[in-house]
Amino acid sequence: MEKWKRYTLPVILGIALIGTSIWGVYQYNQSRDYHTYLDLQFQRQFYDLIGHVENAQVDLAKAMVSGSTNDMAKFLNETVFQSYMAQEKLTQLPLNHANIRQVEKFLSQMGDYCTAMVNKTLEGQLLDEEEMETLTELHSYANLLSQHLIELQQQIVADGVNFGDLRREANRDLDAVNDRMTDMNLINIEERMQDYPELIYDGPFSEHMKDRKPRLEGEEIQRDEAIGVLQEAFSDQNISNIEAVGGIQNTAFTGYYLRAQKEGNGDGEEVAAGITKQGGHILWYINPRVVGDSQLDENEAIDIAEQFLQTLGYDDMVSTYTIAYEGQILINFAYMQDDVIVYPDLIKVKVALDNGDILGLETEGYLMNHHEREIAEPEISEDEAREKLTSAAEVENVRLAMIPTEGQDEVLCYEFTVQLGEDRYLIYIHAETGHQRQILLMVEQEDGTLVI
Amino acid sequence: MKKNKVLSIALLLVMTLSFLSYVIIDDVHGQNIGWGSTGAEVRTIQTRLSNWGYYDGPISGTYGPQTYEAVRLFQRRNGLTVDGIVGPQTRAAIGLPRAGGGTSAPASGGVSRSDDVHLLARTIHAEARGEPYEGQVAVGAVVLNRVRNPAFPNTMAGVVYQPCAFEPVKRGTINEQPDDSAYRAARDALNGWDPTGGAIYFWNPATATSQWIWTREISLRIGRHVFAH
């Protein structure tokens, strides 16, 4: 009996050791499997990337030597596809962003630029000398990039393949490519999908045009004055203890970042705002209060928002879009000049449906773009524009609108609200040329409607 | 004496083994709905309870006292724990989807972007919980600014899941269920609020390790985060 007891401990320990070892081997094998699997996925993406860059380069070369605009459009289209695919593959490789930033940007912009050129060719125009030069430049960079990628690939193959290696090598080598691309700066064409039904996220044309000098005028204000601006704007909404907590710089608008307490808001529900230094306008305002039961309807909320804008000095604003959710309503306002809706001059207001508090204000579009425009008479008549629409579409409404273009200009268009099948669209016909500029598909959510 | 020793060693072993084995945490479930909750799910609850005769208040989408009483009544009659909170069991009894979010499906034939709201809310929750509300909106805005920026992927999923981009994605905390405030911040960011004026980077100076990140132009600081171009 004594003897048996003596062996108990070693036996238990022995079994535990064997158990742990088996478990450990299993874990090791499993993690090696995962590692290999991941490795192979990344390898594949890397090979795909090389393939796409090479193809983009070849297609671009073919486009440049094409005699007819049709052939050119065909090859440019292929270039667009290959560039975007390459960009997509590159961005999903586990490489350091700082090292491949310019390459990613280059691939995007090659796609963007070729898209613009495709559109131009499809309208029957020939590319001018400057555009051909840009294409040549793009081609030579694409060439450089694919050469580097092939070198990198050969290196990896020669050294034996491992994802860890790939990551290290790629980070070092692409750095060199990166440096050479730093001084290249193409126009960024944001809207790639011209003439294709595009989803509206927050009302038509609310995307702000970045990298543009604001048209804002006025004296620079001081920190204390900024506090006064907020105090005055919300004088009837019980805001207290306004504090300037920081500055905003290196953006289109330099300004002050303010926070304040508001009566009725709970703990940690301070309101915040950005005030521009120039002219002292409210750039954005956020009130994070959780709202209660709805008491107001849409029209009452729009009235409140309109009055609020008038007290801030924004006259002639018309609501173009509303969406209500979770007890609040978001209203987009555009400036109206001579019965033309000017979409770039956009202000958004959010109203609480329980007590009519202003929950949010966003004026960047307006402050960026607003000025009195010379709006020319349309060259083509409404009926002529209507003929450009598909006959299956049922027109519900038509009006003149100024819309932004990808080239950061504005064009005068007829805006048709049409019903086709289940869906409603906004179709914009250029009031000078009769070309179709834009199609927007309206996604109607439960409470979101377009105000016409 | 000896018996005690054996027992204690066996205990020690069990503890070691259980320490070695995986701890499985399943924290992905639908949000509990209770006092102060708002949104489409509350509306659904109110509609159903109203249809079944438990509730006679307005279908407001806000969980107030009347909804609370109705839920308690429903729970009492259906043999559930009477706490006035719509947790997993009450949820199942009312017939709501198990892992629900806060947004509604679109009514018509269009395409829904509620997936975007969920993904953005999860990112905001993982990156900026406990930050001031405008700081949460700002984090959402950075993700959206990246989608538009040529140097980044072109879809929200591409941006969020880009390798080496967001720390919580690497750690897996991105899969946690976001709170209400993250959802509201995601909505505001999608609706165009951007306190950063177009920033594409943000970091916490206390934990950031990259030297390169400090070469960016800083636009402002909100809470613990620095936002930059």
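The values are calculated or read from the model by the stated rules, or taken from the named source; none is laboratory data. Keep in mind the model is a prediction, meaning the values are calculated, not measured. FYI the Cβ positions are ideal-geometry reconstructions off the backbone, even for glycines, and counts take in every protein chain you see. Keep in mind that these areas ignore ligands, DNA and RNA; they rest on the heavy atoms of the full protein, side chains included. Shrake-Rupley method; radii C 1.70, N 1.55, O 1.52, S 1.80 Å.
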Quiz item: Between B:Asn78 and A:Ser68, how many nm apart are label points set 7 Å from Cα along the C-beta direction?
Solution: 6.8 nm
Self-check item: Rough spin-label spacing in nm, given labels placed 7 Å along Cα→Cβ, for B:Asp56 and A:Gln222
Solution: 6.3 nm
Quiz prompt | FRET efficiency estimate (nearest 0.05) - Cβ-Cβ, B:Arg129 to B:Gln89, R0 41 angstrom | solution = 0.95
Quiz prompt | Mean-position separation - Cα centroids, the range A:285-333 and the range A:49-105, in angstrom | solution = 45 Å
Quiz item: How far, in nm, would the chain grow between A:Asp423 and A:Glu396 when pulled straight, counting 0.36 nm per residue and subtracting the alpha carbon separation?
Solution: 8.5 nm
Practice problem: Would you mind checking which residues have amide H under 5 Å from A:Tyr314's amide H? H placed 1.01 Å from N; only 5 or more apart, or other chain. | Solution: none
Practice problem: Would you mind computing, in nm to one decimal, how far apart the modelled labels at A:Ser21 and A:Tyr37 are, each placed 7 Å from Cα along Cα→Cβ? | Solution: 2.8 nm
Quiz item: With solvent modelled as a 1.4 Å probe, how much accessible area in total do chains B and A shield from it at their shared surface, in Å² to the nearest 100?
Solution: 5700 Å²
Practice problem: For B:Ile200, enumerate residues with amide H under 5 Å from its amide H, sequence gap 5+ or separate chain, H modeled in the peptide plane. | Solution: B:Ala228, B:His229
Quiz prompt | Threshold 40 Å² - residues in the range A:1-44 whose accessible area is reduced by that much or more when the chain is no longer isolated, probe 1.4 Å | solution = A:Lys5, A:Leu9, A:Ile12, A:Trp23
Self-check item: Entries in A:Lys105/A:Lys388; A:Lys74/A:Lys213; A:Lys89/A:Lys388; A:Lys277/A:Lys348; A:Lys277/B:Lys170 that, when Cα-Cα distance is taken, lie over 28 Å
Solution: A:Lys105/A:Lys388; A:Lys74/A:Lys213; A:Lys89/A:Lys388; A:Lys277/B:Lys170
Quiz item: Given a Förster distance of 41 angstrom, what is the FRET efficiency for A:Gln155 paired with B:Val147, based on the Cβ-Cβ distance and rounded to 0.05?
Solution: 0.80
Quiz item: Taking the Cα centre of each part, how many Å lie between the range A:416-439 and the range B:42-56?
Solution: 42 Å
Practice problem: Quote the FRET efficiency, to the nearest 0.05, computed for A:Glu263 versus B:Thr207 with a Förster distance R0 of 41 Å and r equal to the Cβ-Cβ distance. | Solution: 0.70
Quiz item: If amide H atoms are built 1.01 Å from N in the plane of the peptide, which residues on other chains or at least 5 residues away come under 5 Å of the amide H of A:Gln438?
Solution: A:Tyr428
Quiz item: What list of ³J(HN,Hα) couplings, whole Hz, do you get for the range B:159-175 from phi and the Karplus terms 6.51, -1.76, 1.60, once you set θ to phi - 60° and write x for glycine and proline?
Solution: 5, 5, 8, 4, x, 6, 8, 10, 4, x, 5, 5, 7, x, 5, 4, 7
